[in-house]
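Only the coordinates and a few stated rules stand behind these numbers; no lab work does. Just so you know, these numbers come straight off a predicted model, no measurement behind them. Cβ sites come from the backbone with ideal geometry, for glycine too, and all protein chains shown count toward neighbours.
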Amino acid sequence: MIGESPFTILLGNAFKRLDEIARDSVQVVVTSPPYWGQRDYGSAEQIGLEASPHDYVSAIVRVFRKIRRVLTDDGTVWLNIGDTYAGGGNGGGGSFAKDGIHLANKNQQATWKNEIGRVPRGWKTKDLIGIPWRVAFALQDDGWFLRQDIIWHKPNPMPESVRDRCTKAHEYIFLLSKSEKYFFDHEAIREIGTYPAGTRAAKGSARRAGTKRVNSRPPEYKIYDGFRNKRSVWTVATKPSGTNHYATYPVELVTPCILAGSRPGQLVLDPFAGTGTTAEIALRLNRRALAIELNPRFGRLIGKRCRAAIRNL
């Protein structure tokens with residue numbers, strides 16, 4: 001059902017709506033599912049409020065089995081996911097909502113925070129649960145190639161009033177692939193290197209350049225162009241979204257994932273689209289966008305952002 005239109009928005013549960021997408025039609029997936037035990041988005045079908053971390057991980061794995069069906073053989077997934085502390089409530093900030101109703105009363109907030117901030121069986125209060133790596137290893141066990149962990153370094157992290165640990169200033173992005181060999185445009189995401197353009201590398205002697213022995217060296221290695229392969233620590237500041245969605249990720253975080261994982265004209269999927277950042281950037285980069293979102297209000301916002309992106313091309 002997904003044709004050559006610039007963008008498509010599917011409203012509803014990702015687990016169900018993924019069945020409507022053609023096999024091997026998506027080139028790259030860039031997504032950030034709801035984190036476990038952090039927020040209630042007001043739907044009985046949402047992911048993130050499972051009874052235990054194990055149930056959450058299982059839910060993610062089930063969705064990713066369907067993602068694997070729609071992904072091309074040389075496609076990749078870029079998965080951003082954060083961690084949770086046992087008993088940590090909704091992660092130290094944001095608004096509280098249950099069944100789509102904002103809870104303004106402090107007593108209501110406290111009650112609901114206790115409900116989603118419970119300590120799961122097998123953990124102790126204040127334990128770091130390790131959700132990102134539990135998800136990554138579970139996906140690896142389920143057949144995905146776990147290719148890399150990328151650190152999203154936040155230079156402006158959410159302030160924390162903790163005195164028994166450091167303020168958290170990073171999240172993970174996992175690069176996953178369906179096959180051993182996959183499309184990865186490393187040149188599209190190269191970064192500024194240590195050596196400026198025009199710098200000449202070390203030289204060898206003419207004698208060594210002419211020998212066929214193991215110690216031979218070219219007379220000149222190369223001239224640097226000023227760039228290098230992108231490193232696995234990405235420093236990207238968080239920015240306010242201007243919406244009521246409290247877990248949006250920055251444009252600068254999404255852009256290299258799409259550039260490295262796809263070619264112009266190919267289909268980019270976000271099965272947990274939120275406010276539509278992935279879809280908007282995909283269109284800006286001359287790709288096609290497919291967004292799945294559970295919340296109809298955010299679905300309308302995604303449509304607005306996508307239409308604006310097309311107008312500005």
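Compute the length gained on full extension between H186 and A308: take 0.36 nm times their separation in residues and subtract their Cα-Cα distance, giving the result in nm to one decimal. Write out the running numbers ahead of the final one.
On the way: separation 122, 0.36 × 122 = 43.92 nm, distance 2.89 nm.
Difference between extended and current length: 41.0 nm.
Here the label points at A51 and R69, each 7 Å from Cα along the C-beta direction, are separated by 2.7 nm in the simple model. With respect to the cross-link table entries K124/K230; K16/K178; K178/K239; K168/K239; K230/K304, which display a Cα-Cα separation exceeding 27 Å? Pairs exceeding the cut-off: K124/K230; K178/K239; K230/K304. How charged is the neighbourhood of N156? Take every other residue with its Cβ under 14 Å from the Cβ of N156, and add Lys/Arg as +1 and Asp/Glu as -1. It works out to a net charge of 0.
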